[in-house]
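The values are calculated or read from the model by the stated rules, or taken from the named source; none is laboratory data. Everything quoted here is computed from the prediction, not taken from an experiment. No Cβ is skipped: glycine too gets one built from the backbone with ideal geometry, and neighbour counts run over all protein chains shown.
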Amino acid sequence: MLIEKERKLGRKLLATGNGRCNLMNAGAPVYFGDEAFAREALNACGAKEVGAFFESIGLAFFEEEQGRCYPLSRQAGSVLDALTGCINTFPEGCVLTETEALHINKTKAGFEVITNRGSFFAEKLLLAAGSPAAPKLGGTDSLIEVLRGLGHQSLPFSPALSALICKAKDIKGLSGLRVPCTLTLYADGKLKDAASGEALFTDYGVSGLCAMQLARAANEGLEQGRAVALGLDFSALLGLKVPEYRRLTLEEARPADKAAILKLLEKREKLLGKGRLYTGLLPFQMAVKLKAMSNNMAADWLGDLRLPVSGVKGFEQAQVASGGLLCAKFEPETMRSKLVPGLYAAGEILNVDGDTGGFNLLFAWACGILAAKDISKSLKD
């Protein structure tokens, strides 16, 4: 029996990958929180095993750059259809939508799950209750307190993979503009994280996947009372750096070559004149912002614009959340609780959050497969 509080299954799944469903990532794992637990779980059931599972239920998929995997149909609905079709092949399978779990009692025979539609009993219980990220798609933390009542401890949820709120004076007038750039995050002047990709300027700050990748580090710095700042390097926009679309290591987060930027601007000024310096090079909104600056000032702005970060957009805009159940009390090879016999947990309710690109779904699928195998084995035994 699958209990789902929403009216339809898979609302969050259908929204992933802009509707294409970034099913998983076959590349090197990038996880936070209880990272060691995630790695152990993926050693037991990684991208190869998850891919084999989806092939076994009829889903065809392909791998893009940086390990991102999508259904061949390019439609998230194909993934949901494959999963629900699999449920429908079992006569015993039962799905109850608009059924919200309100409380869980441990009994001698297993569990009593009290819902808004009555109580249900089960020998084994797998919790895949998610997090408060994306509440409009059903995200909630309503079962965390219930699990704490069963003896499990948790860390508070915080938005992860979310947009950055910045003091927007230096980017005023750029709202809606998307440009390739390298972003660096600083706490009290010390480099903490970096990502490269397409940044989206907004009225409140900076969004886009590369900005979202820095949200976790920004949150940590702000919670510690540090001065957090976002650095923007537009060298890729100027043709001076190859645009990349991934998280960067601190060693890769090289400062912009301001001398090269200045040389480019001086060369264009000689060729085109000051009035047309940025024509054909920068988007109109940026050109307007820079036209009154000297070449030296413009080189500084284009190479290392620093924006004070005052916050991170909340759960409404977060793709996932950090925090959740501490993984030390679960077995990574089975997802079985060490405290409560017959209880399992999977996915985002655990203190594991991954990078963009399919890592969060990969971990969720792996947890579900490992738990299902162990449950099946224990019931047969």
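Okay, here's what the table says:
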| quantity | calculated |
| --- | --- |
| Residue that is farthest from Ser337 (Cα to Cα) [pool: residues in segment 143-160 that are without any contact (Cβ under 8 Å) to a residue 60 or more places away in the chain and not aliphatic (A, V, I, L, M)] | Glu145 |
| Candidates Leu307, Leu302 - the one that is closer than 28 Å to Gln224 by Cα, in the same structural domain as Ala168 (by TED's automatic domain parsing) and crowded, with 19+ Cβ neighbours inside 10 Å | Leu307 |
| Candidates Ala217, Ala199, Ala256, Ala229 - the one that is touching a Phe, Trp or Tyr at 6+ places or on another chain (Cβ under 6 Å), outside the structural domain of Thr16 (by TED's automatic domain parsing) and either buried (at least 16 other Cβ atoms within 10 Å of the Cβ) or not hydroxyl-bearing (Ser, Thr, Tyr) (or both) | Ala229 |
| From the options Leu222, Leu265, residue that is of a type outside the set (S, T, N, Q), outside any strand (DSSP E or B) and within 17 Å of Asn295 (Cα to Cα) | Leu265 |
| Among residues of segment 64-73, those that are modelled with pLDDT of 95 or more and surrounded by fewer than 17 Cβ atoms within 10 Å (Cβ to Cβ), counted | 2 |
| Matching residues, segment 293-339, being without any contact (Cβ under 8 Å) to a residue 40 or more places away in the chain and under 27 Å from Ala38 (Cβ atoms) | Glu331, Arg336, Lys338 |
| Given (1) within 19 Å of Gly173 (Cβ to Cβ); (2) surrounded by 14 or more Cβ atoms within 10 Å (Cβ to Cβ), number of the condition Thr279 does not satisfy | (2) |
| Residues of segment 335-362 satisfying the condition of being assigned to a helix (DSSP H, G or I), under 22 Å from Ala82 (Cβ atoms) and in contact with a Leu (Cβ under 7 Å, 6 or more places away or on another chain) | Leu361 |
| Residues (crowded, with 18+ Cβ neighbours inside 10 Å and of a type outside the set (A, V, I, L, M, F, W, C)) located in segment 44-58 | Gly51 |
| Out of Gly342, Gly368, sole residue that is under 30 Å from Gly139 (Cα atoms), in contact (Cβ under 8 Å) with a residue 60 or more places away in the chain, more than 29 Å from the chain's Cα centre (by Cα) and not assigned by TED's automatic domain parsing to the domain that holds Ala168 | Gly342 |
| Selection count where residues are of a type outside the set (Lys, Arg) and at negative phi, scope segment 2-23 | 11 |
| Odd one out for Asp381 among (1) free of Cβ contacts under 8 Å to residues at least 60 places away in the same chain; (2) among the charged types (D, E, K, R); (3) within 27 Å of Lys12 (Cα to Cα) | (3) |
| Complete set of residues in segment 104-118 that are among the charged types (D, E, K, R) and in a strand (DSSP E or B) | Lys106, Glu112 |
| Residues of segment 18-43 satisfying the condition of being assigned to a helix (DSSP H, G or I) and either of a type in the set (A, V, I, L, M) or surrounded by 20 or more Cβ atoms within 10 Å (Cβ to Cβ) (or both) | Ala36, Phe37, Ala38, Ala41, Leu42 |
| Residue list for segment 274-321, filter: among the hydroxyl-bearing types (Ser, Thr, Tyr) and either modelled with pLDDT under 95 or part of a loop (DSSP other than H, G, I, E, B) (or both) | Tyr278, Thr279, Ser294 |
| Filter result for the condition that a residue is surrounded by 16 or more Cβ atoms within 10 Å (Cβ to Cβ), touching a strand residue (DSSP E or B) at 6+ places or on another chain (Cβ under 8 Å) and under 30 Å from Leu150 (Cβ atoms), over Phe111, Phe61 | Phe111 |
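Table: residues versus (1) surrounded by 19 or more Cβ atoms within 10 Å (Cβ to Cβ); (2) outside the structural domain of Ala199 (by TED's automatic domain parsing); (3) assigned to a loop (DSSP other than H, G, I, E, B); (4) not small (Gly, Ala, Ser).
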{"residue": "Phe90", "(1), (2), (3), (4)": "no, yes, yes, yes"}
{"residue": "Glu98", "(1), (2), (3), (4)": "no, yes, yes, yes"}
{"residue": "Phe120", "(1), (2), (3), (4)": "no, yes, no, yes"}
{"residue": "Gly130", "(1), (2), (3), (4)": "yes, yes, yes, no"}
{"residue": "Val146", "(1), (2), (3), (4)": "no, yes, no, yes"}
{"residue": "Gly151", "(1), (2), (3), (4)": "no, yes, yes, no"}
{"residue": "Tyr186", "(1), (2), (3), (4)": "yes, no, no, yes"}
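Yes/no matrix, rows are residues, columns are (1) touching a Ser or Thr at 6+ places or on another chain (Cβ under 8 Å); (2) part of a strand (DSSP E or B); (3) among the aliphatic types (A, V, I, L, M):
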position	(1), (2), (3)
Pro156	no, yes, no
Ile165	yes, yes, yes
Gly173	no, no, no
Leu183	yes, yes, yes
